[in-house]
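The values are calculated or read from the model by the stated rules, or taken from the named source; none is laboratory data. Note that the structure is predicted; figures quoted are calculated from it, not measured. A quick note on method: Cβ atoms are made from the backbone with ideal geometry, for glycine too, and the neighbour counts reach across all protein chains shown.
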Amino acid sequence: MAKTLFQKVWEAHAVRQLSNGQTQLFIGTHLIHEVTSPQAFGMLRDLGLKVAYPHRTFATVDHIVPTDQVTEPYADPLAQSMMDELRKNCREFGITFFDRSTGKQGIVHIVGPEQGITQPGTTIACGDSHTSTHGAFGAIGFGIGTTQIRDLLATQTMAMGPLKVRRIQVDGKLLPGVYAKDVILHIIRTLGVNGGTGYAYEYAGEVFDRFTMEERMTVCNMSIEGGARVGYVNPDETTFKYLQGRPYAPKGAAWDEAVARWKSYASDAGATYDDVVKIRGEDIPPTVTWGINPGQGISIDENVPAVETAPAAEKASIAEALEYMKLPAGQPIKGTKIDVAFMGSCTNGRLSDFVEVAKFLKGRKVAPGVKAIAVPGSQGVAVLCQELGLDKVFAEAGFEWRGAGCSMCLAMNPDKLVGDQLCASSSNRNFKGRQGSPTGRTILMSPLMVAAAAVTGRVADAREVFELRKSAAT
Amino acid sequence: MALAKITEVRGRAVHVPGDDIDTDRIIPARFMKCITFDGLGEYLFFDVRKHADGSPKAHPLNEPQHAGATILVSGANFGCGSSREHAPQAIYRYGFRGVIAESFAEIFFGNCTTLGIPCFSVSRADREALAAALAADPKLEVVMDVAKVEVRYGSKVIKATLRDSAQKGLVAGQWDPIGELLDGAPAVAKVGKSLAYVAG
């Protein structure tokens, strides 16, 4: 019988059925960070348990690390205590820790792929909802809670029910100035922030076939913002090429065996799906959010919605969002003054994001009064950027070039909005208070749109600011 | 591991209106700078409940008539966003033992169930009727019957939905799966050996 990748991976990792009907599922790769794991280790100690498969858990530190301070102790004693706790837990239980001193530290969803730990046909879990990112490799990545981290540490398994699979097929071409970020913002806008509840999203079609691994990661990353716990792309030559030679990728004869095995996990041609959605690449505009969840998005050319003209069921949520965002109802979003530009995060903090922006940023200056920060997603990304001189391009334009971490995506480190500042952000969430100020405001967009906002001081169309319409479609 | 059989949650309820209430709103990220879950209850809904100086804002949880409520009522897609278990931990430590909403985000639902917090989904009309009843009488006793998967208050009986596996686990006192997962060790080892990337 023809099967989807999700079904094949699930079956290969299913241990047995539990008494409540769920499946005991083997999770081959467990990633941990400093925020959601310390309590899990505490629970493990309380129960007198050990880590069952220490060689299958990998740790890094990302959420709380300052991006402008390398030396410890950190100014924030709470941040330092979380750092210390993670070090202690990894040492005591024999877990590999990509600490800052290793040169391999970074956002957990950037480090896993970069090290070649993320591989096709595997199950991956992390106490972080953006674990869906790893699906770009044809892995099944689950975001989990802390009690489940305990379960994984103790048994390398967790209790899960199966998901339905929705194939989202994007064919055709993306227009100039339209990026992977726009694709996922458009998908979430179209299907809703809870449209994916109960589903794994399988992304496919000509646009995904052409996408690089980093573009696939950007899309899979935000699956959870559409309610889908899991998002994936079937593995292909692009996937294998990315993985070959990375530190944890198989070598020699084991490489050939692995590639053959990985290919076998891809969805079969005749597989049946619980749902299929088709989108034309040409129909996707540069998309920005105007509200307080990632589904409240519009094309850069559209107007902010107004309560009066909204469908009855949406009036209350539109009114709440408009009140918080202080944007003019019914008016264009283009031209809205911004205070901060943030370039980074597990969504758009990879090498290609910085390369693309640097191409257009060269010779431009951040507008007066705008605070702009560029935060590479990992130490590895930072080094590659420096080798290409990108750090200088950003710095010369007026961006602060920082060290690796989650930074202002969720502002658990010192990078925070102040008061009701408006931030043009390449991150993934525009929730109330998300960027560190209870009244701070976020507009999500692609990295190049962030650059366009930074240099004009306003929400702007990157195609106009950087004269993109002339370049060829990608 | 012996766990309580959770067959019902009974008590007063409070309605926190709104759809898509995310876990950043339930507990802002800055309160996750901790290495235990102790004391998280006081930060529940912090930024919508309190001003920067700690003084209260207008919020249902700040109204004295709702003090001591054990059931939280809200809108669609409750608990979306971050997977932080700090959110259900804060809800539990504040004193809530059950949540009734139009629908729940996937990860949040699982995190709640593992802590023994039943999450019932009800229709919009039923939620609005319950909210109106609570506004009229904040002392109203509400029952979440986990065995029958229904909500009762006054003379009303509302049909709710609860995922089968969650219902079974709560009622049987097996909502935390760790005991059963540990029991599976021999079968787990077998699967581990069958996976090339795990066996090495």
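Brief remarks on what is shown
- So residue A:136, is it away from chain B (no Cβ under 13 Å), outside any loop (DSSP other than H, G, I, E, B) and not hydroxyl-bearing (Ser, Thr, Tyr): yes
- Segment A:295-322: number of residues that are modelled with pLDDT under 95 and in contact with a Ser or Thr (Cβ under 8 Å, 6 or more places away or on another chain): 0
- Matching residues in segment A:195-224 - criterion: being polar (S, T, N, Q) and surrounded by 24 or more Cβ atoms within 10 Å (Cβ to Cβ): A:218, A:221, A:223
- Screening residue A:170 with (1) more than 11 Å from every other protein chain (Cβ to nearest Cβ); (2) crowded, with 20+ Cβ neighbours inside 10 Å; (3) more than 19 Å from the chain's Cα centre (by Cα); (4) over 25 Å from residue A:462 (Cβ atoms) gives one miss only, at (4).
- Qualifying positions in segment A:148-167 - outside any strand (DSSP E or B) and surrounded by fewer than 24 Cβ atoms within 10 Å (Cβ to Cβ): A:154, A:161, A:162, A:163
- Qualifying residue in segment A:100-108 (condition: surrounded by 23 or more Cβ atoms within 10 Å (Cβ to Cβ) and within 30 Å of residue A:264 (Cβ to Cβ)): yes
- Counting only residues that are of a type in the set (Gly, Ala, Ser) and on the phi < 0 side of the Ramachandran plot, segment A:396-428 holds 7 of them.
- Residue match in segment A:51-63 (condition: of a type in the set (S, T, N, Q), over 22 Å from residue B:115 (Cα atoms) and modelled with pLDDT of 95 or more): yes
- In summary, residue A:46 fulfils each of the numbered conditions (1) touching a strand residue (DSSP E or B) at 6+ places or on another chain (Cβ under 9 Å); (2) closer than 23 Å to residue B:184 by Cα; (3) acidic (Asp, Glu) with the single exception of condition (1).
- Hits in segment B:136-169 (condition: assigned to a strand (DSSP E or B) and under 13 Å from residue B:98 (Cα atoms)): B:142, B:143, B:144, B:145, B:150, B:151
- Members of segment B:174-198 found to be surrounded by 19 or more Cβ atoms within 10 Å (Cβ to Cβ), assigned to a helix (DSSP H, G or I) and charged (D, E, K, R), listed by number: B:180
- Taking the criterion of being part of a strand (DSSP E or B) and not hydroxyl-bearing (Ser, Thr, Tyr), the residues of segment A:14-33 that qualify are A:14, A:15, A:16, A:17, A:24, A:25, A:26, A:30, A:31, A:32.
- Residue in segment A:305-313 that is hydroxyl-bearing (Ser, Thr, Tyr) and over 17 Å from residue A:443 (Cβ atoms) present: yes
- Of the candidates A:177, A:192, A:141, A:135, the single residue that is in contact with a Leu (Cβ under 7 Å, 6 or more places away or on another chain) and touching a residue at least 24 places away in the same chain (Cβ under 8 Å) is A:177.
- Residue A:114 charged (D, E, K, R) and under 16 Å from the mean Cα position of the chain (by Cα): yes
- Unmet requirement for residue A:92, which otherwise passes all of (1) part of a helix (DSSP H, G or I); (2) within 13 Å of another protein chain (Cβ to nearest Cβ); (3) not β-branched (Val, Ile, Thr): (2)
- In segment B:77-95, residue nearest to the other protein chains (Cβ to nearest Cβ) [restricted to those that are surrounded by 23 or more Cβ atoms within 10 Å (Cβ to Cβ) and under 26 Å from residue B:123 (Cβ atoms)]: B:77
- Residue count, segment B:128-151 (criterion: without any contact (Cβ under 8 Å) to a residue 60 or more places away in the chain and closer than 19 Å to residue B:91 by Cβ): 1
- Positions within segment B:141-173 being surrounded by fewer than 16 Cβ atoms within 10 Å (Cβ to Cβ) and over 30 Å from residue A:159 (Cα atoms), in sequence order: B:141, B:154, B:155, B:156, B:157
- All told, residue A:36 falls short of being in contact (Cβ under 8 Å) with a residue 12 or more places away in the chain and closer than 30 Å to residue A:272 by Cβ.
- Any chance residue A:117 is in a strand (DSSP E or B), of a type outside the set (Ser, Thr, Tyr) and crowded, with 18+ Cβ neighbours inside 10 Å: no
- Condition check for residue B:102: of a type outside the set (Phe, Trp, Tyr), in contact with a helix residue (DSSP H, G or I) (Cβ under 9 Å, 6 or more places away or on another chain), within 11 Å of another protein chain (Cβ to nearest Cβ) and free of Cβ contacts under 8 Å to residues at least 12 places away in the same chain: no
- In segment A:171-196, the residues that are touching a strand residue (DSSP E or B) at 6+ places or on another chain (Cβ under 7 Å) and charged (D, E, K, R): A:171, A:182, A:189
- Check on residue A:140, surrounded by 24 or more Cβ atoms within 10 Å (Cβ to Cβ) and touching a Phe, Trp or Tyr at 6+ places or on another chain (Cβ under 8 Å): yes
- Among the residues of segment B:111-126, those identified as in a helix (DSSP H, G or I) and within 13 Å of another protein chain (Cβ to nearest Cβ) are B:111, B:112, B:113, B:114, B:124, B:125.
- Within segment B:19-46, the set of residues being at the interface with chain A (Cβ under 7 Å from one of its Cβ atoms), free of Cβ contacts under 8 Å to residues at least 60 places away in the same chain and within 25 Å of residue B:128 (Cα to Cα) comprises B:24, B:25.
- Subset of segment A:385-412 that is within 22 Å of the chain's Cα centre (by Cα) and among the small types (Gly, Ala, Ser) - its residue that is surrounded by the fewest Cβ atoms within 10 Å (Cβ to Cβ): A:403
- Whichever residue in segment B:57-76 is surrounded by fewer than 18 Cβ atoms within 10 Å (Cβ to Cβ) and within 14 Å of another protein chain (Cβ to nearest Cβ) and, among such residues, is nearest to residue B:90 (Cα to Cα): B:59
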